[in-house]
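**Q** Before we start, here is the structure in question, set down as structure tokens.
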């Protein structure tokens with residue numbers, strides 16, 4: 001399947017993993033697409049759907065790495081398709097995010113992601129955003145954690161999320177750590193107790209894939225380690241009779 | 001459309017009982033001890049003992065030194081702990097659930113105790129056979 | 001006005017989408033930390049197996065000098081020496097990366113985790129090479 005190339009453009013082959021409801025197994029379909037020097041993977045996929053195969057299912061919205069909707073794996077690495085350049089590649093492999101159920105082709109169900117995020121931090125972060133009053137001094141230093149666009153890329157990149165359905169995931173722990181760092185009148189104790197758990201902060205094996213893959217600079221791996229440091233420190237203080245709670 | 005923005009308390013922790021030190025901290029401590037003990041083990045065997053403990057008599061002489069025995073037993077205890085906590089961590093990466101996790105932990109305690117007892121009994125058997 | 005939205009059902013046969021345990025060891029698409037995780041897990045499993053193998057081998061000492069000397073003859077053959085080098089390499093990788101995991105995993109020097117891994121693996125490689133030369137030289 002080919003789309004015509006115009007002047008200044010060349011043709012690149014896109015291998016796209018396909019799977020529809022009822023399919024016994026996924027398979028790759030190949031599409032030759034005209035791309036320019038600044039073409040993105042998302043632009044190519046939209047062109048495939050428009051010109052070659054309208055049955056290709058994918059999600060996208062903002063086209064500028066703000067909504068987190070177009071997360072997928074390109075040549076094996078997670079990223080937002082809207083800002084992933086085709087570059088000089090002659091062949092590009094595109095697959096849906098890993099560790100989340102595939103709905104159709106490149107679309108995954110985000111429910112497991114939100115299931116981990118919701119009880120730990122998501123509602124708390126939203127609530128703290130709405131507490132009226134002046135922002136505390138120095139809060140700008142923490143605003144990068146608000147950059148989480150809930151794309152699910154960290155969960156896809158995590159090797160443990162691949163085998164452990166109970167692991168809450170990097171995004172949830174990073175979101176909860178925001179509450180600990182900036183309580184804004186909330187009590188961080190219950191949040192810390194939730195994260196100080198075998199299936200939360202202590203499940204991580206320091207692969208750092210989540211932070212490397214995150215397109216938004218959230219650095220969830222660092223947040224997980226900060227939780228561990230705080231939890232371990234509290235335990236050490238209790239052990240040596242210096243008080244302190246996690 | 002209005003959204004409810006009242007602060008929400010997180011649900012109770014899944015485990016409200018007293019929290020034991022996470023095994024990760026135990027891994028770090030035992031790992032640090034092992035780096036020292038293994039270093040001593042390697043240096044002594046390959047740089048101090050002339051034959052590198054190849055010959056039976058050299059091994060028996062080595063094990064007849066109570067300081068060496070203490071180091072080797074300590075090494076066995078720490079390496080067994082570190083190894084089996086590592087196995088536990090790998091098994092927990094399957095997300096089996098709390099009940100199965102407790103069963104795994106108890107089984108590994110048994111394996112660990114049997115390993116250390118076997119090692120100490122073996123040491124005694126070696127010295128008796130000499 | 002409330003609306004109900006059907007949750008998308010996963011495609012048949014691919015419900016979980018999870019890579020599973022085999023995904024732990026798949027290096028495709030992995031960055032440096034992910035490769036460190038693979039190495040740590042592989043060497044850890046190898047060393048656990050070696051621990052129990054070592055305890056079994058040491059039982060030959062309880063059978064007297066003949067049994068032990070017979071084993072040592074085999075252990076000094078080149079294939080076994082190669083396994084010794086493999087063991088040494090595994091110990092170095094696991095131990096030195098373990099320093100990184102221990103420090104970073106408790107929230108220390110997290111921003112330096114990549115540099116630490118590179119530096120520690122360079123040390124591991126150098127010591128492994130030195131060890132291999134010593135092992136094969138018969139010293």
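**Q** Taking a label point 7 Å from the Cα of residue A:53 along the Cα→Cβ vector, which residues of segment A:74-114 have an amide N closer than 15 Å to it?
**A** The answer is A:92-96, A:104-107, whose backbone nitrogens lie closer than 15 Å to the label point.
**Q** Beyond 14 Å, what share of the Cα-Cα pairs of segment A:5-56 remains, rounded to the nearest whole percent?
**A** On the way: 723 of 1326 pairs.
Counting every Cα pair in segment A:5-56, those more than 14 Å apart make up 55 percent.
**Q** Also, I was wondering about something else. Calculate the spin-label point distance for residue A:240 paired with residue B:124, positioning each point 7 Å from the Cα along the beta-carbon direction, and give it in nanometres.
**A** It works out to 3.9 nm between the two label points.
**Q** Can you list, bin by bin at 5 Å, the percent of alpha carbon pairs in segment B:26-130, starting at 0?
**A** So the P(r) values, bin by bin, are 2, 11, 17, 19, 17, 12, 9, 6, 4, 2, 0.
**Q** For helix C:78-105, report the angle its Cα long axis makes with the longest principal axis of the Cα atoms of chain C; keep it between 0 and 90° and round to the nearest 10°.
**A** The angle comes out near 40 degrees.
**Q** Further question: Test of understanding: what is the full-extension gain from residue B:48 to residue B:62, defined as 0.36 nm times their sequence separation minus their Cα-Cα distance?
**A** Working: separation 14, 0.36 × 14 = 5.04 nm, distance 1.10 nm.
Fully extending the segment from residue B:48 to residue B:62 adds 3.9 nm.
**Q** Same structure again: What full-extension length gain, to one decimal in nm, is calculated for residue C:75 and residue C:114 as 0.36 nm per residue of separation minus the Cα-Cα distance? Walk me through the intermediate numbers first.
**A** On the way: separation 39, 0.36 × 39 = 14.04 nm, distance 3.75 nm.
Contour length minus Cα-Cα distance gives 10.3 nm.
**Q** Another question, then. From the C-alpha gyration tensor of segment A:10-108, pull out the three semi-axes of the equivalent ellipsoid (sqrt of 5λ each), sorted largest to smallest, in whole Å. List each step's numbers first, then the result.
**A** Values: eigenvalues 77, 50, 29 Å².
In descending order, the three semi-axes are 20, 16, 12 Å.
**Q** Once you put a point 7 Å from the Cα of residue B:110 and another 7 Å from the Cα of residue A:10, both along the Cβ direction, what distance in nm separates them?
**A** My value for the distance between the label points is 6.3 nm.
**Q** Still on this model: More than 22 Å apart: what percent of Cα pairs in chain C qualify? Walk me through the numbers before you get to the answer.
**A** Details: 5657 of 9591 pairs.
Of all Cα-Cα distances in chain C, 59 percent exceed 22 Å.
We did not get these values from a lab; they are worked out from the coordinates using the rules stated. If you're wondering where the values come from, they're calculated on a predicted model, not measured in any experiment. All Cβ positions, even for glycine, are placed from backbone atoms using ideal geometry, and neighbour counts span all protein chains on display.
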